1. Could you list all residues from region 1-22 that are surrounded by 12 or more Cβ atoms within 10 Å (Cβ to Cβ) and either in a helix (DSSP H, G or I) or touching a Leu at 6+ places or on another chain (Cβ under 7 Å) (or both)?
2. Ile62 versus (1) among the hydrophobic types (A, V, I, L, M, F, W, C); (2) crowded, with 18+ Cβ neighbours inside 10 Å; (3) in contact with a strand residue (DSSP E or B) (Cβ under 6 Å, 6 or more places away or on another chain): which is the lone unmet condition?
3. Under 7 Å between Cβ atoms, at least 6 apart or on separate chains: pull out the pairs that start in region 18-30 with a residue that is closer than 16 Å to Asp54 by Cβ and end on any residue that is of a type in the set (Ser, Thr, Tyr) and surrounded by 13 or more Cβ atoms within 10 Å (Cβ to Cβ).
4. When both residues are 6+ apart or on different chains and their Cβ atoms are under 6 Å apart, which pairs have a first residue that lies in region 54-67 and is without any contact (Cβ under 8 Å) to a residue 60 or more places away in the chain and of a type outside the set (S, T, N, Q), and a second that is surrounded by fewer than 14 Cβ atoms within 10 Å (Cβ to Cβ) and not in a helix (DSSP H, G or I)?
5. Could you list all residues from region 29-46 that are hydroxyl-bearing (Ser, Thr, Tyr), surrounded by 14 or more Cβ atoms within 10 Å (Cβ to Cβ) and either in contact with a helix residue (DSSP H, G or I) (Cβ under 8 Å, 6 or more places away or on another chain) or outside any helix (DSSP H, G or I) (or both)?
Amino acid sequence: MKKNECKWFPVCPMKYFSERGMVDMKYINTYCQGGGWESCVRYQKEEAGIYHPDSMLPDGTIDENLS
């Protein structure tokens, strides 16, 4: 794990989607690997044990193309 990487990134759907070029890398660079993971809605929900769909982007919006 990289220093600024979210602890959930290795198992997060965002990793899968980013490796396949399915999400804008701004999300990965800002939230997942840029140290902004505490403001990531996915991170917040995961920490609280709240369900969230795989198609939810770090800013909380749902991208139906990822379903």
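1. Phe9, Pro13, Met14, Lys15, Tyr16, Phe17, Ser18, Met22
2. Of (1) among the hydrophobic types (A, V, I, L, M, F, W, C); (2) crowded, with 18+ Cβ neighbours inside 10 Å; (3) in contact with a strand residue (DSSP E or B) (Cβ under 6 Å, 6 or more places away or on another chain), only one is false for Ile62: (2).
3. Short answer, once both residue conditions are applied: Ile28/Ser18.
4. Final answer for the pair search is Met56/Ile62.
5. Pass one, region 29-46, residues hydroxyl-bearing (Ser, Thr, Tyr): 30-31, 39, 43.
Filter once more, keeping what is surrounded by 14 or more Cβ atoms within 10 Å (Cβ to Cβ): 30-31, 43.
Answer for region 29-46, where residues must be hydroxyl-bearing (Ser, Thr, Tyr), surrounded by 14 or more Cβ atoms within 10 Å (Cβ to Cβ) and either in contact with a helix residue (DSSP H, G or I) (Cβ under 8 Å, 6 or more places away or on another chain) or outside any helix (DSSP H, G or I) (or both): Tyr31, Tyr43.
Computed from the coordinates by the stated procedures, all read-outs in this text should not be read as laboratory data. Being a predicted model, the structure only gives us computed values, none of them experimental. Reconstructed Cβ throughout: ideal geometry from the backbone, glycine too, with neighbour counts over all protein chains shown.
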